[in-house]
Amino acid sequence: MQPSFFENMPKIELHAHLNGSLKMDSIRELGLQLYGENSSDFLKRIQEFTTFPEEMDADKLSKCFQKFAFMHELTSSRKGLQLATQMVIRDFARDNVIYLELRTTPKNNEHMTRREYLETILKAIQASREAYDGIIVKLLISIDRSQGLDAAEEIVNLAIEMKSQYPTIVRGMDLSGNPAKGHFKDFLPSLEKAKKADLHLALHCAEIDNEDEAQEMLDFQFDRCGHGTFLTLKQMQQCKEQNITIECCLTSNVKCGTVKDYDMHHFKRLHDNGIRSVICTDDCGVFDSTLSQELAIASKVFSLNRNNIHGLCINAIAAEFCDDNEKTDLRQRIDKYFADNT
Ligand code: 6MZ
């Protein structure tokens, strides 16, 4: 299959962090819009943020988290955040993504409260549908495990409130942030509350080797597992039994050093064992990739044929946090593409 097959294919993205999905060109554009004449200092710093050392480094994942500070600076004002959200949606739409679940951690600073942060993004999402060719965008609200429990509690309460105000957009919650920091157990009450309020849960789990924590998470039960890199085979089977879909982010894992190389990626084990997985980008800006490229890599490295790729799309539809009418419509669009491109 040619790269154009993946580029033209209508695609579904289920694991994309808003600030990590700002592409280099969009960062430049945003810098110019925000800082105008004074943007040259800022532009000089761009290069360092998408550069990853080639050699394996045990600390690579932690270093990756330092890169986000750069984007957070750009989106610390309402204007910057609104423009960034629009640009991220635009860039996914340009890659023919027709359904996008964006996730982000609400931040508070001198310009915005966490509520205002979310409202700014929600307005930008509402405006995006017409602007970018009918793309459907949902929002998952993240708890950052490296931050405290008070922040988590405030964020869950906001998520519940925003879900009632924007029921078709706010669909679920995520637990993310540096997996070496914080403990899942501490966030249990907040996540229980989210579950009771019918928010779907897509949680980062087993991104690093911590079998006990992964087990606690699986026993808690949630809808989708971000990464799942270090799940044991038994835990993968548990995902299958519990109908948990695993969001595989190939380039992210390789660049962060949690997977040595593409051909060592756990996607293969999942695929071979019939455990439902999907291909996602994670942070397509930071990792300089696109969903089309990630699917092309998966197809090449794991020898996936057209039916396998179609199967991955069907997995993604099954795992989306949207309503059945939207799923039916997306399924028709994707099936048509495969029928027209035999
Ligand atoms: C865990 C990640 C992540 O929320 O500011 N994030 N959390 N594992 C990953 N693997 C590489 N990549 C990104 O987007 C950036 C934030 O998403 C989380 C981190 O908390 C990061 O600061 P937002 O929009």
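Considering the range 25-55, and only residues there that are within 16 Å of the ligand (Cβ to nearest atom) and modelled with pLDDT under 90, the residue that is farthest from I98 (Cα to Cα) turns out to be P53. Restricting the first member to the range 240-257 and to residues that are closer than 15 Å to S277 by Cα, and the second to residues that are among the aromatic types (F, W, Y) and at pLDDT below 95, the beta-carbon pairs closer than 9 Å and six or more apart or on different chains are C249/F287. If the condition is being farther than 14 Å from I141 by Cα and buried (at least 17 other Cβ atoms within 10 Å of the Cβ), then the range 194-207 contributes C205, A206, E207.
Check D329, D288 and return the single one that is surrounded by fewer than 21 Cβ atoms within 10 Å (Cβ to Cβ) and touching a Ser or Thr at 6+ places or on another chain (Cβ under 9 Å). Reasoning before the result, please.
On the way: D329 fails: touching a Ser or Thr at 6+ places or on another chain (Cβ under 9 Å).
Sole residue among the options that is surrounded by fewer than 21 Cβ atoms within 10 Å (Cβ to Cβ) and touching a Ser or Thr at 6+ places or on another chain (Cβ under 9 Å): D288.
State whether the residues of the range 152-175 include one that is within 25 Å of E211 (Cβ to Cβ), in contact with a strand residue (DSSP E or B) (Cβ under 7 Å, 6 or more places away or on another chain) and outside any strand (DSSP E or B).
Going residue by residue through the range 152-175, those that are within 25 Å of E211 (Cβ to Cβ) are 152, 173-175.
Subsequent filtering for residues that are in contact with a strand residue (DSSP E or B) (Cβ under 7 Å, 6 or more places away or on another chain) retains 152, 173-175.
This time we only want the ones that are outside any strand (DSSP E or B), so: 152.
Yes.
Kindly indicate the residue of the range 128-154 that is closer than 13 Å to V88 by Cβ and either hydrophobic (A, V, I, L, M, F, W, C) or at pLDDT 95 or above (or both) and also surrounded by the fewest Cβ atoms within 10 Å (Cβ to Cβ) among those meeting that condition. Ranking the qualifying residues of the range 128-154, first place goes to A131.
One line per residue, one yes/no per condition, for (1) assigned to a helix (DSSP H, G or I); (2) within 14 Å of the ligand (Cβ to nearest atom); (3) touching a helix residue (DSSP H, G or I) at 6+ places or on another chain (Cβ under 7 Å); (4) at pLDDT 90 or above:
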site	(1), (2), (3), (4)
L61	yes, yes, yes, no
F65	yes, yes, no, no
M71	yes, yes, yes, yes
S76	no, yes, no, yes
Q82	yes, yes, yes, yes
M87	yes, yes, yes, yes
D91	yes, no, yes, yes
I98	no, no, yes, yes
E101	no, yes, no, yes
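With respect to (1) among the β-branched types (V, I, T); (2) more than 21 Å from N325 (Cα to Cα); (3) crowded, with 18+ Cβ neighbours inside 10 Å, the lone exception for V97 is condition (2). Give me the residue from the range 103-137 that is out of contact with any Leu (no Cβ under 8 Å at 6 or more places or on another chain) and of a type in the set (S, T, Y) and, out of that set, nearest to the ligand (Cβ to nearest atom). Among those that are out of contact with any Leu (no Cβ under 8 Å at 6 or more places or on another chain) and of a type in the set (S, T, Y), it is T105.
The values are calculated or read from the model by the stated rules, or taken from the named source; none is laboratory data. Source: prediction; values computed, not measured. Glycine also receives a Cβ, built like all others from the backbone with ideal geometry; neighbour counts cover every protein chain displayed.
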